[in-house]
Amino acid sequence: MKILIVQNSLIPVSLYGGTERVIWYLGKELAKLGHEVSYLVKQGSTCDFATVIPIDPAKDLVDQIPGDVDFVHFNSTSPNMEKVTKPYLVTLHGNAGPGEKLDLNTVFVSKNHAQLYGSSSFVHNGLDWDDYTKPDFTKKRDAFHFLGNAAWRVKNVKGAINIIKATKSETLNVLGGTRLNLSMGFRFTPSLRVKFYGMVGGAKKDTLLNSSKGLIFPVLWHEPFGLAITESLFYGAPVFATPYGSLTEIVNEEVGFLSNKQAELVQAVERASEFSNQRCHDYALENFNSKKMALAYLEKYETLMNNGKLNSKNPQLLEAPKSKFLDWQ
């Protein structure tokens with residue numbers, strides 16, 4: 001099958017790039033399975049296992065789809081989708097707003113994500129764990145970590161810092177933020193029990209995750225999926241988070257603890273050593289790998305190529321959030 005993956009960004013990524021990382025591993029796995037993969041992506045992109053077609057920003061994106069492809073996998077809705085003549089689907093990687101009608105062929109990235117929009121069509125994100133540094137479970141674990149865009153308030157780095165400060169002596173490494181942040185007002189963290197690393201990727205990120213006691217992830221929105229969760233688990237780090245969005249289906253009691261109450265998360269964090277690093281790793285390895293993701297998407301492709309449906313009606317947010325941030329106590 002000739003499969004075109006569309007995303008208006010650069011590949012590969014050197015730092016985080018969640019969506020770009022997912023589509024890279026999806027294409028790589030599809031190629032391993034014998035499919036002919038191409039990417040329609042920003043100029044400057046490169047790939048050694050698939051053909052790269054640079055997007056011409058002066059032209060309509062859907063007009064740049066080659067005529068010989070069998071299936072098109074969009075990773076965001078493009079203008080004039082009605083012009084697409086090939087079978088296609090659209091993966092929603094984020095959250096759409098109230099009143100926005102999504103494409104009939106939308107696929108979500110978790111069961112909870114789909115349910116919020118009245119759908120049951122989802123595929124969990126998977127990663128190629130062979131591309132990651134092999135975990136070393138004999139290594140000393142000396143701090144917890146936060147992983148995400150700390151400037152984004154729904155990620156609640158402030159909550160993560162307060163959890164650590166409420167423990168007796170634990171420390172926190174913030175991956176994805178800085179001590180002084182002026183992008184959304186004046187934010188400064190004076191505590192010496194918190195260390196900031198900015199945006200990190202590759203071997204440096206792997207090393208930090210491999211030395212972590214656990215991920216502190218008290219998000220205040222419905223997290224669609226959260227690669228930070230599965231990457232942390234791969235390195236044996238249990239997850240301490242809020243029970244929002246995908247968290248309730250990804251994090252079970254063997255690999256983490258969920259609560260929207262700071263005091264309860266503090267208690268759980270102080271018992272982090274009770275979790276098995278090996279069990280966390282095995283769980284991520286078995287359930288959130290790129291081959292499993294690719295096979296699940298292939299089922300969606302085949303359904304649509306055989307004139308089937310992924311959704312009975314256009315998905316739409318069933319209930320608008322009452323406030324910008326979910327409850328945090």
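The values are calculated or read from the model by the stated rules, or taken from the named source; none is laboratory data. Note that this is a predicted model, so its numbers are computed, not measured. Virtual Cβ from ideal backbone geometry, glycine too; neighbours counted across all protein chains shown.
Checking Thr138 against (1) hydroxyl-bearing (Ser, Thr, Tyr); (2) in the same structural domain as Lys205 (by TED's automatic domain parsing); (3) touching a Leu at 6+ places or on another chain (Cβ under 6 Å), only one condition comes out false. Which one?
Condition (3) is where Thr138 drops out.
Go through (1) touching a residue at least 40 places away in the same chain (Cβ under 8 Å); (2) surrounded by fewer than 21 Cβ atoms within 10 Å (Cβ to Cβ) and name the single condition Thr171 misses.
Unmet condition: (1).
Can you confirm whether Thr46 is touching a Ser or Thr at 6+ places or on another chain (Cβ under 6 Å) and either among the hydroxyl-bearing types (Ser, Thr, Tyr) or over 25 Å from Phe108 (Cα atoms) (or both)?
So Thr46 fails the test.
Please count how many residues of region 248-267 are out of contact with any Leu (no Cβ under 9 Å at 6 or more places or on another chain), in contact (Cβ under 8 Å) with a residue 12 or more places away in the chain and not polar (S, T, N, Q).
5
Which of the residues that make up region 122-134 are in contact (Cβ under 8 Å) with a residue 40 or more places away in the chain, surrounded by fewer than 21 Cβ atoms within 10 Å (Cβ to Cβ) and not aromatic (Phe, Trp, Tyr)?
The answer is His124, Asp128, Asp131, Thr133.
Conditions tested, residue by residue: (1) touching a Leu at 6+ places or on another chain (Cβ under 6 Å); (2) at pLDDT below 95.
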| site | (1), (2) |
| --- | --- |
| Val13 | no, yes |
| Ile23 | no, no |
| His35 | no, no |
| Ser45 | yes, no |
| Pro66 | no, no |
| Val72 | yes, no |
| Thr91 | no, no |
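Need pairs with beta-carbon distance below 6 Å; first residue over 23 Å from Gly18 (Cβ atoms) and within region 51-79, second of a type in the set (A, V, I, L, M) and in a loop (DSSP other than H, G, I, E, B); sequence gap 6+ or separate chains.
Filtered contacts from region 51-79: Val62/Val84; Asp70/Met1.
In region 78-108, which residues are out of contact with any Asp or Glu (no Cβ under 6 Å at 6 or more places or on another chain) and among the β-branched types (Val, Ile, Thr)?
Scanning region 78-108 gives Val84, Thr85, Thr91, Thr106, Val107.
Which ones in region 252-271 are over 23 Å from Phe288 (Cβ atoms) and part of a loop (DSSP other than H, G, I, E, B)?
Asn260, Lys261, Glu270, Arg271
If a residue has to be part of a loop (DSSP other than H, G, I, E, B) and more than 12 Å from Ser212 (Cα to Cα) to count, how many in region 236-251 make the cut?
Count: 6.
In this structure, does Tyr301 turn out to be at pLDDT 95 or above and not assigned by TED's automatic domain parsing to the domain that holds His73?
Answer is no for this residue.
Somewhere in region 247-256, is a residue buried (at least 16 other Cβ atoms within 10 Å of the Cβ), within 23 Å of Ser120 (Cβ to Cβ), of a type outside the set (D, E, K, R) and touching a Ser or Thr at 6+ places or on another chain (Cβ under 8 Å)?
Yes, there is a match, as at least one residue in region 247-256 is buried (at least 16 other Cβ atoms within 10 Å of the Cβ), within 23 Å of Ser120 (Cβ to Cβ), of a type outside the set (D, E, K, R) and touching a Ser or Thr at 6+ places or on another chain (Cβ under 8 Å).
Residues that are of a type outside the set (A, V, I, L, M, F, W, C), closer than 18 Å to Ala294 by Cα, without any contact (Cβ under 8 Å) to a residue 60 or more places away in the chain and not assigned by TED's automatic domain parsing to the domain that holds Gly148: does region 14-31 have at least one?
Yes, region 14-31 has at least one match.
What's the total number of residues in region 154-166 that are on the phi < 0 side of the Ramachandran plot, crowded, with 17+ Cβ neighbours inside 10 Å and touching a strand residue (DSSP E or B) at 6+ places or on another chain (Cβ under 9 Å)?
Number of matching residues: 7.
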